[in-house]
Amino acid sequence: MSIALRGVGLAHANGKVALENIDLEVSPGERVAIIGPSGAGKTTLLRLLATSLQPTHGEIDLLQHNPWRLAARQRQRLRSRIGLIHQAPPLPPRQRVVTAVLAGKLGQWSLAKGLLNLLYPLDAGGAQAALARLDIADKLYQRCDQLSGGQLQRVGIARVLYQAPELILADEPVSAMDPMLAGHTLAVLNREAAARGMTLLASLHAVDLALTHFPRVIGIRDGRIAFDLPTEQVQPEQLQALYANEQLQATPSSPVPPQPTHIPRC
């Protein structure tokens, strides 16, 4: 398994429970969307899988390792096999796009090679090829602070594609894009993951995008898994229960028919 969680829970220092009794298995190469209302625990789950948070209880296996039974150096090597796509990519404003994309390999390069790359891009062609998949190859030598939010998100995705990890964790990766561009970008990300056998988990606020682009959907509410189903088995009433008491908006592309409440978009 790429991911196996058994009875995992996480409580913050103030006692607030963020995740409770999570059982989850994801096989190598699977592509899974995580949906749920704001505050449901989607980002917390991804941060736990990225090993930036340690579970309070339960067992976690990532890429055949329990990260919290590894020494710090071994855990760092494990992290180099995981690609993170952030809603707001942590890219230095004055950094050039080519350097930002090539930084995807920093976990695999020596310190000397990483420092040299800051001065002189070591694989501009590889960075440009990753950007071309997302239709922004022309931004190769621009500074990050010259890009729009949607362009920065695509740079963050290109960075992970260049990294070529075994596991991709994406937290709202297309939230700054218009619906058409968001759909196209998710199609590219899914296609690349499938072609390379990479496991992909993405949290999405737009339910229609999750249902359109991912073969498996996990719904999370109040820190618990509400359902975990193949996309074609997700029912309107399950979505209604998942987003109960939240103001939602329907989208024409969604396969779920209009309801008294609506499907969310970011």
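No value in this document is a laboratory result; all are computed from the given coordinates. Computed from a predicted model, the values in this text were never measured in an experiment. Neighbour counts run over all protein chains shown; Cβ positions are idealised from the backbone, glycine included.
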Interchain or sequence-distant (5+) residues whose placed amide H lies within less than 5 Å of the amide H of V32 are L200, L201, A202
Give me the log10 of I(q) over I(0) for the chain at q = 0.10, 0.17 Å⁻¹, as the Debye formula computes it from C-alpha points; what are the numbers? -0.51, -1.36
Counted charge near L167, where neighbours are those whose Cβ lies closer than 11 Å (Asp, Glu -1; Lys, Arg +1): 0
Ordering 49-59, 145-155 by per-residue average of other C-beta atoms within 10 angstrom, highest first, gives 145-155, 49-59
Sequence order, the range 115-126: Karplus ³J(HN,Hα) from phi using 6.51 cos²θ - 1.76 cosθ + 1.60, θ = phi - 60°, Hz rounded, Gly and Pro as x, gives 5, 4, 5, 5, 8, 9, x, 7, 8, 4, x, x
Which of the three applies to the range 116-166, rounded, prolate or oblate, going by the alpha-carbon gyration tensor with a ≥ b ≥ c and a/c under 1.5 meaning rounded? oblate
Rounded, prolate or oblate: pick one for the range 9-51, where a ≥ b ≥ c are the square roots of the eigenvalues of its C-alpha gyration tensor, a/c under 1.5 means rounded, and failing that, prolate if a/b is larger than b/c, else oblate. prolate
Only helices counted: for the chain, with every DSSP H run of 4 or more residues adding -39500 (n - 2.57) and the sum spread over all residues, [θ] at 222 nm is -9500 deg cm²/dmol
Estimated vicinal HN-Hα couplings, Hz - the range 227-237 in sequence order (Karplus 6.51, -1.76, 1.60; Gly, Pro = x): 7, 9, 9, x, 3, 5, 9, 6, 9, x, 5
Which of L189, L111, L24 moves most in a GNM of the chain, Cα contacts under 10 Å? L111
Residue (of I85, G107, H12) at the positive-pole extreme of the chain, dipole from beta-carbon charges: G107
Contact order normalised by residue count of the range 1-110, Cα under 8 Å, 6+ apart, percent: 26
Value of relative contact order over the chain, rounded to a whole percent, pairs C-alpha under 8 Å and six or more apart: 24
Of all DSSP beta bridges in the chain, what percent run antiparallel (nearest 5)? 55
Once phi is turned into θ = phi - 60°, what whole-Hz ³J(HN,Hα) does the Karplus curve with 6.51, -1.76 and 1.60 give for every residue of the range 161-167, x standing for Gly and Pro? 4, 5, 4, 6, x, 7, 10
If the only charges are +1 at each Lys and Arg Cβ and -1 at each Asp and Glu Cβ, what is the size of the charge dipole of the chain around the Cα centre, to the nearest 20 debye? 1120
Is there a quick way to get the dipole size of the range 1-130? I mean about its Cα centre, with the Cβ of Lys and Arg at +1 and of Asp and Glu at -1; what is the value in debye to the nearest 20? 540
Label-to-label distance, nm, for residues given as Y120 and T56 (7 Å Cα→Cβ offset): 5.3
Computed about the Cα centre, the charge dipole of the range 1-57 from +1 Lys/Arg and -1 Asp/Glu charges at the Cβ has a magnitude in debye, to the nearest 20, of 180
